[in-house]
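The values are calculated or read from the model by the stated rules, or taken from the named source; none is laboratory data. This is a predicted model, so every value here is computed, not measured. Glycine gets a Cβ as well: all are built from the backbone with ideal geometry, and neighbour counts include every protein chain shown. To get the accessible areas, we keep the full protein, side chains included, count just its heavy atoms, and leave off ligands, DNA and RNA. Shrake-Rupley method; radii C 1.70, N 1.55, O 1.52, S 1.80 Å.
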Amino acid sequence: MKIAVSASGPALDAGLDPRFGRCSHFVIVETEDMSFEALDNAAAAAGGGAGIQAARAVAQSGARAVLTGNCGPSANQTLTAAGLEVFTGCSGTVAQAVESFRSGLSAS
Amino acid sequence: MKEGLRIAVASGKGGTGKTTIATNLAVALGALGKKVAYVDCDVEEPNGHIFLNPAIEWSGEVTIRVPRVDERLCNLCGACGEACRHSAIVALPSRVLTFPKLCHGCGGCTWACPQGAISERPRRTGVVETGHAGPVDFVRGILDVGEAMAPPVIRGALDKAPRDGVVVLDAPPGTSCPVIETVRSADVVLLVTEPTPFGVNDLKLAVEMVKKLGVPFGVVVNRAGSGNDEVYDDCAQEGISVLLEIPDSLDIARAYSRGQLAIEAVPSLRTKFEELLGVLEELASAERVPHEMKTEAPAMDGEFAAEPVANDEPAVVDVPELVVVSGKGGTGKTSVVASFLALAQNPTAADCDVDAADLHLVLEPEVRHRTPFSGGQIAVIDEERCRGCGLCSKRCRFGAVVTPDGSEVRRVQELSCEGCGVCADACPHGAIEMAAAQNGEWFISDTRLGPFVHARLGIAQENSGKLVSTVRRHGRAVAKSAGSPLLICDGSPGIGCPVIASIAAARMVLVVVEPTLSGRHDLERVAELVSQFDIHMGICINKADVSPEQTEEIARDAKERGLQVLGRIRYDPSVTAAQVARRSVVEARPDGPAAQDIRKLWRNVKDEFDKQLTGMRTEK
């Protein structure tokens, strides 16, 4: 399954950016084999509605879940409407966040 | 003279006595047998009713048109989302989602949808009421709490104003969109100010604004005798007439706190207001100076030539924020913030009151970085390509595309343009482009009390909410790199867009309120707003001893709401003296009553704030 991580760079070892709408990149990781692609967050510099635009881009990337620090109500609403699951309160690097997500999945 | 005389009463900052002047003027003229109307356009914090006690006879909702998507017709092509500049409608892979609160009601998505799947429905943003207060016709607009857009409600109130007689418009404070909406419709403007450094600074901004709009104006000095003479020197130098002076008087202040008119408390003032009418008629009859509606890069003070920094998003950081706000302006918010900065350990400051920024007057910043701010887009018409078909004017819902007299081609009234792009999308000749508007500048500075992020919004510029967000974001980044444990923000007054931007996601909000009926009324509205954001809130009553009765009432209101009064500050002339000396009151007069009370207030605020921080940690 593909998951999107809000990040401060386009790589697995980039730090997880705690803010969803205004992060510089989304790293879209395939949890099966940890392959990934990076998405520039064009919405980061938007005046208003950055979270909504970011959420739309993430939804179009094919990700089924989002790992981030905080996610505003509009972005959350958009992601949920698009059928993505949102996990807030994540930290560390992109790879670490995905790892703990995976171990959380196997534990449950 | 044409049908009637519209007088706008405005000021660069709140709390200068706008409502006092507007209500007293209306009542004084009404008593002379004139046909007079009072229109409260300060829709975020309408207070005129407190002094006029009108009987309300009619009320109607103000709505804007927002999209409704028919899912049976929608093929998810996404044209609606591309047309919308405000992210109020977004096409997801499986459905279209709308955000009515972000919608400006431009109609762009409706035009853009090739399937005809989008219709519009009205959404309430406020209410307009009309009635009578004795012989005075009364109109007011009230913005619903939590709504960001005041101009439609102001337009609603202006629509209900009589077309003849004298119409007194009580404008919102500041120089941003809601003020423009009010002032542009007036024949003459009264700019109310105080003889203090904050007053002078804000008057300059207000003067720039009315000059840009080309409306004739004069100045009213309220609380005359309380500060220094700078305001008179400045007006003399600029050739601006001071039309009226209201003395600094405890009688007037007490009357105000009870919701009583100044002309009732001090009857000799009545003649002054009566005489004002003739002066205003004369001013209004003067030929209007033709003005060019150009968006210029606003002129900035200072001779610094610091390197511009990129307008990039700073790395996201989480620094605890204390935001000081007030329902209405002029309650002493900035004086409290300045003192907090002097008392706190290693703080960083941010001035989010970008419409009437005053904190820099006390902090005397040395600017390290300055960056232009672009808050949105504006339509630009290529006159060569324009064929004058007028489709743009027809589609624009903000009256921003006009045809100058004797011209075929269209022009954009930049002060009205919402940047929605409907005209550009509509133009069959490709004559309209959307260009970035420069709305202001923001600064990173050093001060004796720590790092400081502040901004200046260009006169009559929009997007103050976005600029506020920019200032706070950079405030947090600067605080982080300076190792500050705390960011203290001077918030915007009111309850609209910039205030929402000031308080969202803050750790704690302190509301500064005055013990007056207006203060209580505004506290109620701002408290409702803060509670919508689920942020911890405390209250401080400034000039508490001016009206012990109102102070008790506020304390009781607060208790009922489960809010804590964290401090009461006594009235102390040294607060103004400190302002004149460009210092916070705890620095300038550490032994005075105000300084003592503020130190006590700070200890309580700090305790509450620390509790919030610990609470947050245990939550996680």
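For segment A:63-83, filtered to residues that are touching a residue at least 40 places away in the same chain (Cβ under 8 Å) and of a type outside the set (Gly, Ala, Ser), the residue that is farthest from A:Pro18 (Cα to Cα) is A:Arg64. Per the listing B:His454, B:His474, the residue uniquely of a type outside the set (A, V, I, L, M, F, W, C), within 14 Å of another protein chain (Cβ to nearest Cβ), within 29 Å of B:Gln532 (Cα to Cα) and open to solvent by 10 Å² or more (accessible area, probe 1.4 Å) is B:His474.
For segment B:57-101, filtered to residues that are away from chain A (no Cβ under 11 Å) and among the small types (Gly, Ala, Ser), the residue that is nearest to A:Gly49 (Cα to Cα) is B:Ala83.
Residues in segment B:366-387 that are open to solvent by less than 20 Å² (accessible area, probe 1.4 Å) and of a type in the set (Gly, Ala, Ser): B:Gly375, B:Ala379. In segment B:318-409, counting only strands (runs of 3 or more DSSP E) that sit wholly within it, the ones holding 2 or more residues that are more than 30 Å from A:Asp17 (Cβ to Cβ) and of a type outside the set (D, E, K, R) span B:366-381. Among the residues of segment B:138-172, just one is under 15 Å from the mean Cα position of the chain (by Cα), in the same structural domain as B:Thr23 (by TED's automatic domain parsing) and over 17 Å from B:Leu415 (Cα atoms), namely B:Asp170. The numbered conditions (1) over 18 Å from B:Ile569 (Cα atoms); (2) buried (at least 23 other Cβ atoms within 10 Å of the Cβ) are all true for B:Arg525 except (2).
Right, B:Ala577: of a type in the set (Gly, Ala, Ser), within 25 Å of B:Tyr256 (Cα to Cα) and open to solvent by 20 Å² or more (accessible area, probe 1.4 Å) or not? Taking the combined requirement at face value, the residue satisfies it.
When B:Thr63, B:Thr125 are screened for being β-branched (Val, Ile, Thr) and surrounded by fewer than 21 Cβ atoms within 10 Å (Cβ to Cβ), only B:Thr63 passes. The requirement of being surrounded by fewer than 16 Cβ atoms within 10 Å (Cβ to Cβ) and without any contact (Cβ under 8 Å) to a residue 60 or more places away in the chain is not satisfied by A:Gly92. Would you be able to say whether some residue in segment B:114-121 is free of Cβ contacts under 8 Å to residues at least 40 places away in the same chain and in contact with a Ser or Thr (Cβ under 7 Å, 6 or more places away or on another chain)? Checking segment B:114-121: not a single residue is free of Cβ contacts under 8 Å to residues at least 40 places away in the same chain and in contact with a Ser or Thr (Cβ under 7 Å, 6 or more places away or on another chain). Of the residues making up segment B:342-365, those that are of a type in the set (D, E, K, R) and open to solvent by 10 Å² or more (accessible area, probe 1.4 Å) are B:Asp353, B:Asp355, B:Glu364.
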